[in-house]
Amino acid sequence: MSTYAPLLRRPAPSPTATRTRVATPTRKTLDGRLSWLLEKSAEMDGSQAPRVEPPTRDEPAGHDGREAELADTALRNDAGVEDAASRADNRSRSSFPHAATIEAGLGARLPGTWRVDGESCRQRGVPGFTDGLTTIFASRRPSLHVAAHEAVHSLQHAGLTRDRGLGPEGHANAVADALVAGRPAASLLDRSRGRTVPSATRPYTRFYSFADQQLWEGAAGEPGVATRSASGSALGKIAYPARVSDTLETLTNSEGSRHSHVLYATQAIVARGNKILAAQGSGVELVTDASDAIEIGGNRLVAVKPVFGGKESDKPCLARNCNEAAWTIMGPGKPAPAARYRKDQLTSVSAHPDKYQREILADAFGGAADADERYKNAADPDRLDLELGINRHARPEVGEAYVVNPTPDHRSQWRYHWAGVVLAPGRDRVTLENSAGDVVEDPNTDWLFQTYGPAAKPGQTFHDEYAEGGFAGPRSEGSMTMVAHNPDFEHLTTQEVIRRYDEPNQKWGMWPWQELQHRSIRIDISFYQFKGWLAGEEQSVTFTLIGPAGKSRQYESGWWDAKVGVDESWTLPITDVIGSAPGGKVMTALLEQTDGKTLAYFDWGSGEPADPYPYPKTWVENASCRVQLKLVEKRDR
């Protein structure tokens with residue numbers, strides 16, 4: 001199972017701030033990745049190793065990344081039916097999922113038993129776990145990676161292998177990665193290298209000291225204190241305790257009032273994070289320094305620092321207010337984000353988390369007037385939170401953000417706290433955040449890197465730090481932690497963007513208008529003749545397009561020489577025509593000659609039932625010409 005390290009710091013969050021906007025691209029939705037995981041899960045049976053392709057999103061394939069997403073999907077959709085049929089379903093190792101593939105790859109028989117218990121996995125937020133020699137899965141058909149990972153834990157617990165210095169989870173992931181890739185993994189089982197692994201639910205790694213080439217989970221040299229092999233002069237200089245992700249890919253050491261700029265991470269995870277951040281126009285890039293490196297459990301981690309706005313600095317500064325700092329991570333200058341819940345549903349966009357919370361509760365309780373009380377007094381609050389993806393189960397991806405909304409009694413100077421995610425090692429999250437505390441300069445250097453853990457480990461989550469144990473107040477009094485997310489308009493068709501722009505409730509705020517600045521109308525004109533002219537095949541003509549009545553602008557092509565039998569075509573930005581909103585549903589077009597004589601005049605009215613929205617007629621013709629108007633359905637700029 002997956003974890004990270006301790007949670008003690010509680011900086012003051014920032015007061016409300018206004019967000020500016022600039023046209024920038026948005027991130028992809030999670031639909032494609034979740035669909036891929038579900039498809040792969042359906043393909044997997046217990047007798048063969050499926051051919052596994054990498055997920056579309058850059059994320060390390062492993063127990064704590066894509067498999068956890070699969071577990072979330074399976075648990076939320078299937079837990080009720082699966083649990084009733086499988087709680088007492090104990091099975092022998094001979095029918096262990098993917099047993100033939102795992103045993104062939106390891107050259108070893110698998111000890112113990114297994115069963116399916118979706119409820120137990122749901123409570124831990126994992127797709128499977130191993131207790132002693134009994135493995136519990138969330139689904140009857142776990143993926144090869146999940147099955148192999150848990151099989152290694154059973155071998156560890158049986159004393160048939162040590163962790164080879166990789167740690168229990170790192171060792172299990174290494175074996176599972178090899179088997180999924182079709183490589184033999186027998187060499188990864190070793191009874192002499194590394195430490196023995198007792199059966200246990202491992203907490204986050206909290207290291208208090210460094211000595212004798214070891215990170216110590218207590219005082220150095222104290223008998224019985226667990227250690228992790230490590231090296232690097234920097235480990236002797238940083239302040240402790242430090243938080244290390246369960247995958248051993250990241251280390252941070254912000255703690256309490258210590259706002260630390262320390263971040264060490266593997267080159268691979270930094271590259272993945274930067275790729276996602278760049279794709280959505282983030283205002284931060286992570287830069288590594290290979291000359292400043294440490295090693296933890298065989299992983300080489302290098303020093304990381306942020307670059308804001310593409311400008312390197314010895315003293316990089318981030319916006320003082322927590323929301324503006326988070327929006328810098330998500331993409332500076334964009335409209336306010338929405339909140340993502342129930343896997344991929346979105347609230348209305350807003351700069352105020354209390355609006356997110358009202359909409360989520362209205363959805364959860366059918367718009368009931370007492371939704372707040374029903375939320376605070378839920379019979380099974382953790383199940384409800386898991387279903388909604390909030391509080392301890394709020395798990396933002398890179399480029400998204402945590403945001404906590406305090407209880408009414410806890411809203412004093414600070415109305416919320418936001419934290420943008422820059423790295424996602426397994427199920428842990430590394431944030432880059434700031435807060436409007438005692439430092440009044442804006443922007444300033446009081447920002448910090450921080451690490452938070454998954455719901456499987458209460459006490460490690462962002463929600464535990466800022467709500468249950470922080471300024472926002474507990475869930476039982478009405479606080480809520482959510483995932484802030486930028487809506488994806490970039491991949492919508494132009495007609496769908498305009499539909500959303502024209503919605504009366506204005507759910508999407510300025511997002512449609514901003515996206516329409518990247519969309520165009522294509523205009524084609526064919527001339528048959530110049531009616532009323534006795535001679536000549538070429539005349540000076542101008543084309544005028546007038547947007548929806550009441551809220552339109554007028555676009556004029558300017559004069560050009562038109563020839564009979566020759567098509568003229570061009571594109572123009574939709575925003576050059578529709579003005580503030582396409583509310584009138586009527587567009588008019590006018591063709592004139594240089595003497596002001598009307599060559600053609602027509603409009604696209606909204607009253608004809610066969611007309612497509614939003615600009616009804618795609619073409620109009622008369623005795624002189626035909627004009628064809630077409631929306632360009634994809635981004636053209």
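The values are calculated or read from the model by the stated rules, or taken from the named source; none is laboratory data. Remember, predicted model here, so these are calculated numbers, not experimental data. Here the Cβ is made from the backbone with ideal geometry for all residues, glycine too, and neighbour counts use every protein chain on show. Surface accessibility is based on the protein's heavy atoms, side chains included, excluding ligands, DNA and RNA. Shrake-Rupley method; radii C 1.70, N 1.55, O 1.52, S 1.80 Å.
Key figures
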{"quantity": "Unmet requirement for residue 542, which otherwise passes all of (1) touching a Gly at 6+ places or on another chain (Cβ under 9 Å); (2) open to solvent by 30 Å² or more (accessible area, probe 1.4 Å); (3) modelled with pLDDT of 80 or more", "calculated": "(2)"}
{"quantity": "Any chance residue 257 is open to solvent by 20 Å² or more (accessible area, probe 1.4 Å), out of contact with any strand residue (DSSP E or B) (no Cβ under 6 Å at 6 or more places or on another chain) and within 24 Å of residue 470 (Cα to Cα)", "calculated": "yes"}
{"quantity": "Only listed residue being of a type in the set (Gly, Ala, Ser) and surrounded by fewer than 20 Cβ atoms within 10 Å (Cβ to Cβ), chosen from 273, 309", "calculated": "309"}
{"quantity": "Those residues of the stretch 553-594 which are in a loop (DSSP other than H, G, I, E, B) and modelled with pLDDT of 75 or more, in sequence order", "calculated": "557, 558, 559, 564, 565, 566, 574"}
{"quantity": "Residues (at pLDDT 90 or above and under 16 Å from residue 138 (Cα atoms)) located in the stretch 88-112", "calculated": "96, 97, 98"}
{"quantity": "Selection count, the stretch 492-512, where residues are in contact with a helix residue (DSSP H, G or I) (Cβ under 6 Å, 6 or more places away or on another chain) and in contact (Cβ under 8 Å) with a residue 24 or more places away in the chain", "calculated": "2"}
{"quantity": "Residue check, residue 450 within 18 Å of the chain's Cα centre (by Cα), outside any loop (DSSP other than H, G, I, E, B) and under 25 Å from residue 284 (Cα atoms)", "calculated": "yes"}
{"quantity": "Residue that is surrounded by the most Cβ atoms within 10 Å (Cβ to Cβ), among those in the stretch 352-395 that are under 27 Å from residue 323 (Cα atoms) and among the aromatic types (Phe, Trp, Tyr)", "calculated": "356"}
{"quantity": "Condition broken by residue 500, with the remaining ones in (1) out of contact with any strand residue (DSSP E or B) (no Cβ under 6 Å at 6 or more places or on another chain); (2) surrounded by fewer than 20 Cβ atoms within 10 Å (Cβ to Cβ); (3) at pLDDT 90 or above satisfied", "calculated": "(3)"}
{"quantity": "Sole exception among (1) on the phi < 0 side of the Ramachandran plot; (2) in contact (Cβ under 8 Å) with a residue 24 or more places away in the chain; (3) not aromatic (Phe, Trp, Tyr) for residue 310, by number", "calculated": "(1)"}
{"quantity": "Qualifying positions in the stretch 425-450 - modelled with pLDDT of 95 or more and of a type in the set (Asp, Glu)", "calculated": "433"}
{"quantity": "The stretch 497-518, residues that are under 17 Å from residue 334 (Cα atoms) and part of a loop (DSSP other than H, G, I, E, B)", "calculated": "506, 507, 508, 509, 510, 517, 518"}
{"quantity": "Per-region count, the stretch 449-482, residues within 21 Å of residue 247 (Cβ to Cβ) and touching a Lys or Arg at 6+ places or on another chain (Cβ under 8 Å)", "calculated": "12"}
{"quantity": "Subset of the stretch 118-139 [of a type in the set (Asp, Glu) and under 28 Å from the mean Cα position of the chain (by Cα)]", "calculated": "119"}
{"quantity": "Matching residues in the stretch 229-254 - criterion: being open to solvent by less than 30 Å² (accessible area, probe 1.4 Å), small (Gly, Ala, Ser) and in contact with a Leu (Cβ under 9 Å, 6 or more places away or on another chain)", "calculated": "230, 232, 242, 245, 254"}
{"quantity": "Spans of helices (runs of 4 or more DSSP H) in the stretch 340-395 with at least 3 residues without any contact (Cβ under 8 Å) to a residue 40 or more places away in the chain and at negative phi", "calculated": "353-364, 371-376"}
{"quantity": "Scope the stretch 437-466; condition of a type in the set (Asp, Glu) and in contact with a His (Cβ under 6 Å, 6 or more places away or on another chain); matching residues", "calculated": "446"}
{"quantity": "Residues satisfying the stated conditions in the stretch 425-469, i.e. crowded, with 24+ Cβ neighbours inside 10 Å and farther than 27 Å from residue 268 by Cα", "calculated": "435, 436, 463, 465, 466, 467"}
{"quantity": "Answer from 422, 349, 398, 403 - the residue that is surrounded by 16 or more Cβ atoms within 10 Å (Cβ to Cβ), under 18 Å from residue 464 (Cβ atoms) and modelled with pLDDT of 95 or more", "calculated": "403"}
{"quantity": "Filter pass, residue 243 being within 22 Å of residue 462 (Cβ to Cβ), part of a strand (DSSP E or B) and touching a residue at least 60 places away in the same chain (Cβ under 8 Å)", "calculated": "yes"}
{"quantity": "Of all residues in the stretch 271-299 being polar (S, T, N, Q) and part of a loop (DSSP other than H, G, I, E, B), the one that is nearest to residue 208 (Cα to Cα)", "calculated": "282"}
{"quantity": "Members of the stretch 106-133 found to be over 22 Å from residue 386 (Cβ atoms) and surrounded by 18 or more Cβ atoms within 10 Å (Cβ to Cβ), listed by number", "calculated": "106, 110, 112, 114"}
{"quantity": "The listed residue being in contact (Cβ under 8 Å) with a residue 60 or more places away in the chain and touching a Cys at 6+ places or on another chain (Cβ under 7 Å), out of 172, 186, 138", "calculated": "138"}
{"quantity": "Hey, residue 220 part of a loop (DSSP other than H, G, I, E, B), in contact with a Ser or Thr (Cβ under 8 Å, 6 or more places away or on another chain) and either more than 30 Å from residue 485 (Cα to Cα) or at pLDDT below 90 (or both) or not", "calculated": "yes"}
{"quantity": "Qualifying residue in the stretch 475-491 (condition: of a type in the set (Lys, Arg), over 22 Å from residue 545 (Cβ atoms), open to solvent by 30 Å² or more (accessible area, probe 1.4 Å) and within 24 Å of the chain's Cα centre (by Cα))", "calculated": "no"}
{"quantity": "Some residue of the stretch 517-531 being modelled with pLDDT of 80 or more and open to solvent by 40 Å² or more (accessible area, probe 1.4 Å)", "calculated": "yes"}
{"quantity": "Residues (modelled with pLDDT under 85, open to solvent by less than 10 Å² (accessible area, probe 1.4 Å) and aliphatic (A, V, I, L, M)) located in the stretch 139-173", "calculated": "none"}
{"quantity": "Residue count for the stretch 260-270, restricted to those that are part of a helix (DSSP H, G or I) and under 24 Å from residue 445 (Cα atoms)", "calculated": "1"}
{"quantity": "Candidate set: the stretch 181-216, residues that are within 32 Å of the chain's Cα centre (by Cα) and at pLDDT 75 or above; chosen: the one most open to solvent (accessible area, probe 1.4 Å)", "calculated": "183"}
